[in-house]
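S.K.: Structure incoming, see below.
The values are calculated or read from the model by the stated rules, or taken from the named source; none is laboratory data. The model shown is predicted, which means the values in this text are computed figures rather than measured ones. FYI the Cβ positions are ideal-geometry reconstructions off the backbone, even for glycines, and counts take in every protein chain you see. All accessible areas refer to the heavy atoms of the entire protein, side chains included, with ligands and DNA or RNA removed. Shrake-Rupley method; radii C 1.70, N 1.55, O 1.52, S 1.80 Å.
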Amino acid sequence: MVEQTPLLSLLIWLPIIGGAALLLMRSADWARWAALGVSVAVFLLSLFLWTGFEGGTAAMQFVERVPWIESFDIDYHLGVDGISMPLMILTTFTTVLVVIAGWDVIRYKPAAYYAAFLIMEGVMLGVFAALDAILFYMFFEATLIPMFLIIGIWGGPARVYATIKFFIYTFLGSVMMLVALIYLGYQAGSFVITDLHDLELPLASQVLVFLAFLIAFAVKVPMWPVHTWLPDAHVEAPTGGSVILAALMLKIGGYGFLRFSLPIVPEASAQLDWLLIGLSLVAIVYVGLVAMVQDDMKKLIAYSSIAHMGFVTLGYFIIFRVVASQAEPEAGAMLALTGGAVQMISHGFVSAALFLCVGVLYDRLHSRRIDAYGGVAHRMPVFAGFFVLFAMANAGLPGTSGFVGEFMVILGSFQAGFWYAAIAGLTLILGAAYTLWMIKRVVYGEVANEEVAALADVNGRERLVLGALAVAVIGLGVWPGPLIDVMAPSLEQLFESATA
Amino acid sequence: MDIVYLLIPLAPLLGAIATGLFGGRLGWRLAHRVAIGAVAIATVLSFVVLWVHGLGDPAPYNKTLYQWLSIAGVDLEIGFLVDRLSAMMMAVVTFVSLMVHIYTIGYMADDHHNWPEGSGAGKNAYQRFFAYINLFTFAMLMLVMANNFLQLFFGWEAVGLVSYLLIGFWLNRPTAIFANLKAFLVNRVGDLGFLLGIGTVLAYFGSLDYAAVFESIEAGGGEATLTLFGTEMTAATLAAVLLFVGAMGKSAQVPLHVWLPDSMEGPTPISALIHAATMVTAGIFLVARMSPLYELSTPAQSLILVIGGITALFMGLVGLVQNDIKRVIAYSTLSQLGYMFVALGASAHAAGVYHLMTHAFFKALLFLGAGSVIIALHHRQDMREMGGLRRYLPVTYWTMLIGSLALIGTPFFAGFYSKDVIIEAVGLAAEHGRPGAGFAWFCVLAGVFVTAAYSFRLFFLVFHGQERMDAHTREHLHEPGWVVTVPLVLLAIPSALIGLVTVGPMVMGDWFAGSLTVGEQFQPLHHIAEHYHGPVSFAVHAFYNWGNPAFYLAAAGVFVAWLLYIRRPEWLVLVRERLSWPRLVLEYKYGFDEMYTGGFAAGGRGVGRALWRGADGWLIDGILVNGTARTVGRIAAGIRGVQSGYLFHYAFAMILGLLVLLTLFVGGWQGWWQA
């Protein structure tokens, strides 16, 4: 079935093979440059997805299909639509940044470090491109391995507890999903995800499948109350690990809801929307309050991530309430649904940027504690500019990407009911409170101690990384139209099939 | 003409980018030239636009610049609506901004003293300041030129951002970085209301575009009802009230006023530009822009009357006991913003907007005058260390006298025309029976006395009486250079004369007819205009208008200030003793700050800590996660040696074990033992 260049396969396997090759390299310098070369090549290749993408259709594009395990009807089947394509570019973009950010920071086994990240990239791309349920599951599980190694080897002092917690949480979640996928496969007689969308299951089985998916994806997002692995994992992970974790791995959960839960079991989704909406609002308010009292910067940003991902799930599941309360629900529901999808991309940029900012500080002072800092702006004015910009994006300031998704979800939720929007809107206050209070204590004020007084401002490499993210954050905030246009047809179709 | 409209906001944006990103390379002199040049272009073009719209064709210019995003029939766009209301705002914003830009050269000339030795942030602070005020000008222009709610909110938040950055400009001062966080958060409370208001507009009027919303209003789109908080209300009322909550935040109305006095921590030029003349009037502009909506909702108008009235009187009272020269003016700003809201609540929109304009001139003048005093005294702001400055700062003295006379509503001065019309209009609204108007009328009238008292208390304390500064300061006292005095003079001229020249068409006439809508049922300004025979007779009338004794209240205020601060200072001591209790209430500013820091801030952190330690830590991690792990461990220990026979147990153990081994192999032993 391969008709043109197998672009998706190239994107997936180039970094995986490249990563494996890195393990054979003796020289750290060679490994670095090779990793940079591979990640940039993959990023540039992934841009062909954007340029070659046909707008205005919800159909899968760049499709590749080869029989794989024929006795079970499992195919090597890839393709992208408007939902997955932006996530793939986010993946390739973020990986380049992570490679540059680790350049002279990682001293311990750099070749293995870069190998882990490149393999991670390939596997993540596989998750987003897989159109066969079993293939998806393989990639989905495979993401755990490089992340487990990244935290376990290059992580902080309590990494054992963090990795085990991380692994058990996510593994238990995905086992349920495997059962559900096998069940669905037998029902549909096919493991093609788009075939599963056409299944019409009785409500009782839908609910069971929905719950199995929910456990798997809720852990990834993560949603309250299965979120406590994330702060621990972030705190122990090296900067690059945190970036990948926040910017990409969490998105698998959000992507799963869009690709599996909503289209495959729409009636159960509608039936149980109260649960998802409730948990999302809890994430936004409760976790926002928890973020406020953190004294570790990474924990604060981790909790902030959970709160922001609450907007993703809120946007996805509020659509049923909009349909229930509006005569013409399409505008409101599509605002919410698209807002959730945009929030995933934006959170990718903003959380990556914030973790990189913390990494910049950590590399110099070896502390993530807020009270170890103070008056950083006096010594690192350029860095302070970046940090404040990304903090504002995290607080959802218009003109930054952080605003777009939240704004759309709140406007959409309003059409489901005043209180949904009002509670979600509390993020305006909470998000600003925890982010800017941290900025006040870290960046502003008088120089806190001798160590801060000796800080050096960001170097060229760090400027490059943060500058690229700043462009992305402002670009998406000032003109989100092109991204929305890419996503809209697929989401439109999803909305119609989920609420039909 | 398209290019003209586009250039007006674009010039300061480009100036901000140039001075902000390349300030170090430009050097300070080139940086302020670029910044001032950019605002000068915007100012000239804004006056061209005012000329075209103000004197010629009143048809509005309404054009979309680009589509921000479009989804399922909802088009969110960036575009301009320029009618007489926005043209007036653009002229005021750019003119005051230009004055402040020029003045900044003098005020910030020796700014390096404000930074600690070797501070990187202090290195290009001068250029950064210009970048910020350029950026502010851009954002404020986008706000007033918007043709839809999205862009309005963009500008709204962007001016808030710049305000945050500038209040905390001297970021080594603990009070400054407390004040800017406070300002941002209090504004965010208002913004929540604003955002929900936008949600209401989209849900019930089907668009965020002004023109489409107004069409929908005319077609009866606001009459749908809904039940919230247990009461039934129309969509128009909900939208109007929620948008007003946003306006309360930005325009610092009780109880969201607490950030504005603290914002005085910022450099004085921005107190004049942002926290007096322009940004804080954004709320007034919003309500005026939405006049068709507010005319649909008497409850919202009553709320505006009451909130505005409370702010006008009670914030003015606090101004009486402040000793920091800037804080007095800040409380005065709060109070005057209250006056503007009262006008809007009384359906005298043109009068409210007109007071916005006159206030922009004389309040910017007063702040810049205060700044001139502060420069002369080497950055001391306590009025108890001033006195007798008249001799040393003649230009500042005379211009501030003009500003104060305008502020207290002296006949023939700008502030007289705008304030007197407001008082008359509220009186009519009370007669008309609009709920809340009677209370507001009392507040604005009593406020006239208070305004005069605090204004001339400040004036006498600073410029007359004993010279209370130390000898060293006195020796170096002199008026700052032309960059400071020229803006003072240029602002003093409109503060004195603009009312006389423009009150006829702008308030009594129908200059604003295309922008501001007043319902058929009650048109207070029409009633006032019926008895209007030119600006001079209107001013003369104030001396024998017994239904509106504002002039005599103001005179009484000045007299009391003169008596207590010049003629009989010993009586002041007596008054203070007798009135110790109310004085305490005023010095504590009614306790709002204590309530917010003790209640909301500490409460929020307390709840956060409880949820974190209690729910996340104890319940979820302690019992559910680790407890499950322990239980599984115990069961496993009990049945160890017995094979479970389940394939997935083995698979799970294998994968887990494989990973652990792999990690151990690659990671080495040492780290694991230490952990």
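S.K.: Which sequence of A:V105, B:V144 reflects their accessible areas, 1.4 Å probe, from the largest down?
M.R.: These residues rank, largest area first, as A:V105, B:V144.
S.K.: Could you tell me how far the Cα centroid of the stretch B:358-421 sits from the Cα centroid of the stretch B:554-588, in Å?
M.R.: 21
S.K.: Still on this structure: Which residues among the stretch B:284-314 fall inside the zone where the amide N is under 18 Å from a point 7 Å beyond the Cα of B:V560, along Cα→Cβ?
M.R.: Once the point is set 7 Å along Cα→Cβ of B:V560, B:310-314 turn out to lie under 18 Å by backbone N, inside the stretch B:284-314.
S.K.: Just to verify a number: what accessible area does B:Y107 come out at with the full protein assembly present, 1.4 Å probe, Å² rounded to tens?
M.R.: 10
S.K.: Go ahead and run the numbers for FRET between A:S71 and A:T5, Cβ-Cβ distance against an R0 of 35 Å, rounding to 0.05.
M.R.: E(calc), rounded to 0.05, equals 0.70.
S.K.: Let me ask you something else. What length, rounded to one decimal in nm, is gained on full extension from A:Q187 through to A:R107, with 0.36 nm per residue of separation minus their alpha-carbon distance?
M.R.: 23.7 nm
S.K.: Let me ask something else about it. What size of dipole, in debye to the nearest 20, comes out for the stretch A:298-394 about its Cα centre when the only charges are +1 on Lys and Arg C-beta atoms and -1 on Asp and Glu C-beta atoms?
M.R.: 500
S.K.: Whole angstrom only: what separates the Cα centroid of the stretch B:173-230 from the Cα centroid of the stretch A:314-338?
M.R.: 20
S.K.: Using a basic spin-label model with each label point 7 Å from the Cα along Cα→Cβ, how many nm lie between A:R463 and B:T175?
M.R.: 3.7
S.K.: In percent, what relative contact order does chain B have, based on Cα pairs under 8 Å that are 6 or more apart in sequence?
M.R.: Worked out over chain B, it gives 12 percent.
S.K.: Carbon and sulfur atoms: what percent of the 1.4 Å accessible area of the stretch B:266-389 do they account for?
M.R.: 62
S.K.: A further question on this structure: By average Cβ neighbour count within 10 Å, what is the ranking of A:156-165, A:408-417, B:464-473 from highest down?
M.R.: Ranking the peptides A:156-165, A:408-417, B:464-473 by packing returns A:408-417, A:156-165, B:464-473.
S.K.: Please turn the phi angles of the stretch A:366-380 into ³J(HN,Hα) values with the Karplus equation 6.51 cos²θ - 1.76 cosθ + 1.60 (θ = phi - 60°), one per residue in order, whole Hz, x for glycine and proline.
M.R.: Working through the residues one at a time gives 6, 8, 9, 6, 4, 6, 7, 10, x, x, 4, 4, 5, 9, 10 Hz.
S.K.: Roughly what angle does helix B:174-205 make with the longest principal axis of chain B, taking Cα atoms, 0 to 90 degrees, to the nearest 10?
M.R.: On a 0 to 90 degree scale, this one is about 90.
S.K.: With r defined as the distance between the Cβ atoms of B:E218 and A:E496 and R0 fixed at 56 Å, what FRET efficiency is calculated, to the nearest 0.05?
M.R.: 0.95
S.K.: Using only Cα atoms, tell me the angle between helix B:298-310 and the longest principal axis of chain B; keep it within 0 to 90° and round to the nearest 10.
M.R.: It is inclined by approximately 70 degrees.
S.K.: May I ask you to give the percent of accessible area on chain A that is carbon plus sulfur, with a probe radius of 1.4 Å?
M.R.: That fraction is 66 percent.
S.K.: Continuing with the same structure: In chain A, which helices (entire DSSP H runs) extend 24 Å or more along their own long axis, judged by Cα positions, while averaging at least 0.0 on the Kyte-Doolittle scale?
M.R.: Counting only whole DSSP H runs, the qualifying helices are A:28-51, A:84-101, A:110-129, A:159-188, A:203-220, A:297-317, A:330-365, A:460-478, A:481-499.
S.K.: What does the convex hull of the alpha-carbon atoms of the protein assembly as shown project to on average, in nm²?
M.R.: Orientation-averaged projected area of the Cα hull: 47.2 nm².
S.K.: Nearest 10 degrees, 0 to 90: what angle lies between the long axis of helix B:626-638 and the longest principal axis of chain B (Cα atoms)?
M.R.: 10
S.K.: Under the definition of partner shielding as Cβ atoms of other protein chains within 10 Å of a residue Cβ, what is the mean value for peptide A:386-399?
M.R.: Mean shielding by partner chains, rounded to a whole number: 3.
S.K.: Length gain on complete extension for the stretch B:R576 to B:H432, per 0.36 nm per residue less the alpha carbon to alpha carbon distance?
M.R.: 47.8 nm
S.K.: Run the paramagnetic zone check for B:Y66: 7 angstrom along Cα to Cβ, then residues of the stretch A:476-498 with backbone nitrogen under 15 Å.
M.R.: Output list for this probe position: A:476-485.
S.K.: Applying a 10 Å radius around every beta-carbon, put A:311-323, B:438-450 in order of their mean neighbour count, most first.
M.R.: Packing proxy ranking, top to bottom: A:311-323, B:438-450.
S.K.: Related question: Please state the charge dipole magnitude for the protein assembly as shown, taken about the Cα centre, from unit charges on C-beta atoms (+1 on K and R, -1 on D and E), reported in debye and rounded to the nearest 20.
M.R.: For this selection, approximately 3680 debye.
S.K.: Right, next: Note down the relative contact order for chain A as a percent, whole number, built from C-alpha pairs under 8 angstrom at least six residues apart.
M.R.: 16
S.K.: Let me ask you something else. P(r) tail for the stretch B:1-126, what percent of Cα pairs lie past 24 Å?
M.R.: 44
S.K.: List the residues of the stretch B:67-87 whose accessible area drops by at least 50 Å² when all protein chains are present, compared with their chain alone, using a 1.4 Å probe and counting only protein heavy atoms.
M.R.: Buried-area filter returns B:W68, B:L69, B:I71, B:A72.
S.K.: Nearest 100 Å² is fine: what is the total accessible surface buried where chains A and B meet, probe 1.4 Å?
M.R.: 6600
S.K.: What part of the accessible area of the stretch B:517-611, given as a whole %, is carbon or sulfur when the probe is 1.4 angstrom?
M.R.: 67
S.K.: Still on this structure, I have one more. Run the numbers on the stretch B:457-556 and let me know its relative contact order in percent, using alpha-carbon pairs under 8 Å that are six or more apart.
M.R.: Rounded, it is 18 percent for the stretch B:457-556.
S.K.: Roughly speaking, what is the centre-to-centre gap between the stretch A:435-454 and the stretch A:112-153 when only Cα atoms are used, to the nearest Å?
M.R.: When both Cα centres are located, 37 Å separates them.
S.K.: Sticking with this one: Mind checking the mean number of beta-carbon atoms from other chains within 10 Å of the Cβ atoms in B:534-547?
M.R.: Averaged over the peptide's residues, the number is 0.
S.K.: Another one. Which whole number gives the average count of other chain Cβ atoms within 10 Å of the Cβ atoms across peptide A:165-176?
M.R.: 2
S.K.: Arranged from highest to lowest average of other beta-carbon atoms within 10 Å per residue, in what order do the peptides B:546-553, A:239-246 appear?
M.R.: For the peptides B:546-553, A:239-246, the packing ranking is A:239-246, B:546-553.
S.K.: Moving to a separate point now. With the solvent-accessible surface defined on protein heavy atoms using a 1.4 Å probe, which residues belonging to the stretch A:411-429 display a reduction of at least 40 Å² in accessible area in the multichain context relative to the isolated chain?
M.R.: Buried by 40 Å² or more upon assembly, which counts only protein chains, are A:L411, A:F414, A:Q415, A:F418, A:W419, A:L428, A:I429.
S.K.: Quick one: which of A:K299/A:K440; A:K109/A:K220; A:K165/A:K251; B:K63/B:K250 span more than 23 angstrom between C-alpha atoms?
M.R.: From A:K299/A:K440; A:K109/A:K220; A:K165/A:K251; B:K63/B:K250, over 23 Å: A:K109/A:K220; B:K63/B:K250.
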